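Working notes, beginning with the structure itself.
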Amino acid sequence: MTYRWLLLFFLLLPWSVMAANVQATLDRNDVHLGETITLNLRIDGAMDASTPDLSALDHDFEVLGTSTNSTLSIVNGKQSAQLIIGVALRPKHTGDLQIPSLALAGSQTNPLTLHVGAPDSSASKHAGKDVFVEVSASPDHAYVGQQLLYTVRLFFDVNLNSGSLADPHVDGVDLRKLGNDSDYEAVRNGRRYQVIERHYALTPQRAGMLTIPSIEFQGEAVDPGNPNDPGGFFNPGGLFGNTTPITADSQEVKIDVQAPPADWGKTAWLPARALTLSVEGLPSDDKLTAGQPLNLRMQVEAQGLPGDALPELSLPTIDGATVYPDQSSTTTHDDGQWLTGRRERGFAIFPQRTGTLTIPEITLTWFDVQSGQRRVATIPSHTFTVAAASGTPAAASSAAQPTGVPSPATASSAAVPAQAASTSTASPPTPWRWIAIGSIALWLISMAAFWWFYRRKRQPASAVTAHDAGRVDSARASRQAFLDAARSHDRPAQARRLLAWARVERQGLRNLGQVADALASEEQRAAIELLQREQYAGAAAKQHIDLAATFADGFAWRQEGKPETDSPLPPLYPFKLD
């Protein structure tokens with residue numbers, strides 16, 4: 001029976017391998033009738049695949065042709081392949097046309113929708129031109145800091161030998177190119193053109209009337225030669241043709257840029273199409289341990305804003321905890337039309353006492369440019385239960401003992417005089433001779449013990465037991481590793497080496513917070529506090545402590561039961577978002 005299951009598994013294995021990850025996309029989702037589009041069918045993990053059956057598209061589209069493009073990359077020894085099948089389509093009528101799911105490489109592609117509008121009515125002004133440039137901006141009015149989509153289209157019905165299309169130059173505007181250029185066909189006034197389309201993100205920095213000047217195309221058009229004149233290959237009009245300079249200019253575009261609403265207040269101005277605020281790292285059981293960090297990561301992501309335009313993230317004041325913020329990071333990407341910015345920041349939250357710990361509600365106010373409304377992104381408040389760290393000595397344990405019951409040490413010491421008193425009363429007086437003999441014997445025993453301890457102290461290192469030698473060597477190596485790290489500027493390495501050294505001498509210590517609690521030296525406790533601040537905050541502390549000098553003589557461990565003193569450093573609390 002086992003062999004049958006194995007045979008069935010190996011028979012089905014090739015089919016599972018053939019089912020690749022596929023995805024269908026369009027180079028544009030909104031076109032005019034007469035324009036062409038490209039349907040891109042992407043197959044991950046394959047270098048070759050047959051073109052799928054496209055008969056389902058015949059009702060709404062004219063299939064103009066197909067092309068393939070495969071890539072193979074190796075990153076860190078990991079090989080990845082990708083195949084893209086491009087299908088050129090021309091819509092047959094207007095409306096919302098459906099591209100159904102297609103069977104490809106053992107999988108099904110996702111369905112798509114294409115909006116096809118009426119032929120462009122603005123084409124009449126370009127009638128009869130071989131080359132012209134069209135530009136548009138969306139929306140036609142905006143707020144300061146809001147991204148505009150600026151689109152440039154180059155139409156040409158000649159053979160271009162070369163050409164350059166300048167980027168727009170606008171004062172007081174942040175300009176970024178979006179995605180790659182797209183290439184398709186379009187019909188204007190009954191004439192078919194090749195079109196190169198390019199998108200830009202324009203973000204005005206001040207209010208007022210914004211004027212985007214015209215952009216110019218400069219190129220050379222090739223005049224085809226006479227193929228019946230083989231003797232004039234390199235002459236004007238010959239087989240290789242002649243080139244003619246050609247230029248085209250676009251129209252100016254004017255946009256009304258408005259200032260933020262007068263009642264916006266002092267909150268950061270964030271005009272976006274969409275915005276989300278989230279946090280990661282919250283424990284599922286809502287339980288924390290005193291002295292051990294809770295590592296959170298907060299993110300804000302906005303469509304229509306670059307990452308560097310988003311505000312710095314922070315946590316509100318948390319009662320009963322110290323917060324160490326990490327350095328933030330920003331990223332910006334685009335989908336070919338809109339920028340999407342993202343800012344992330346990590347936080348290490350150290351609970352200082354047992355009980356409950358509450359992170360208050362976090363809010364971020366932003367302006368929705370699509371609806372024109374003020375909106376607030378919110379992270380709800382969260383409450384945790386903080387337990388004591390395992391292995392922490394119980395404070396005032398002797399005070400909890402009943403007063404009427406003596407401790408074992410007290411009871412034994414009290415019994416000694418009682419026994420001596422009873423012995424002295426029951427026994428007869430001891431002769432002086434025996435007292436002298438006992439004194440001499442005690443002196444001889446003391447001398448023997450002194451000689452034994454002296455010889456043990458003078459023993460070479462080889463006489464130490466293997467266990468003790470290993471412990472000493474480990475402590476010495478850990479101490480030296482820490483001192484080497486203390487001379488560098490690598491704070492995480494210093495924290496790791498210091499904790500490793502402490503664990504050799506005191507087993508059971510989990511973090512530097514517990515190491516500081518077990519030390520009696522205020523200087524060493526302050527050094528650990530500053531080390532943690534620099535490690536988690538990512539910035540140099542105002543006060544500097546030489547770690548190598550502070551711990552040169554080893555750890556100053558405090559005795560058990562000695563009360564812990566408070567740290568002389570104030571807690572670091574970040575500010576609120578709003």
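Values as computed for the structure displayed
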quantity	calculated
Virtual spin-label span in nm between Lys177 and Trp264, 7 Å along Cα→Cβ	3.1 nm
J(HN,Hα) series, segment 134-140, from Karplus relation 6.51 cos²θ - 1.76 cosθ + 1.60, nearest Hz, glycine and proline x	10, 9, 8, 10, 9, x, 8
Accessible carbon and sulfur surface of segment 101-188 relative to its total accessible area, %, 1.4 Å	46 percent
Estimated FRET transfer efficiency when R0 is 41 angstrom, pair Leu112-Gln292 (beta carbons, to 0.05)	0.25
Interchain or long-range residues, amide H under 5 Å from Leu339's placed H	Gly304
Rounded Å value of the spacing that divides the Cα centres of segment 363-377 and segment 471-516	49 Å
Residues Asn21 and Asp96, FRET efficiency given R0 of 35 Å [Cβ-Cβ distance, rounded to 0.05]	0.80
Linear extension gain, Thr211 paired with Ala166, 0.36 nm per residue minus alpha-carbon span	14.5 nm
Under 16 Å from the Cα of Lys78 - aspartates and glutamates, other chains or at least 8 residues apart	Asp44
Two-site label geometry, Asp53 and Gln480: point separation in nm, points 7 Å out along Cα→Cβ	7.5 nm
Mean Cβ neighbour count within 10 Å, used as a protection proxy, ranking 48-60, 322-334 highest first	322-334, 48-60
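The values are calculated or read from the model by the stated rules, or taken from the named source; none is laboratory data. Note that this is a predicted model, so its numbers are computed, not measured. Ideal geometry is used to build each Cβ from the backbone, glycine not excepted, and the neighbour counts take in all protein chains shown. Just so you know, the surface numbers come from the protein's heavy atoms only, side chains and all, with ligands and any DNA or RNA stripped out. Shrake-Rupley method; radii C 1.70, N 1.55, O 1.52, S 1.80 Å.
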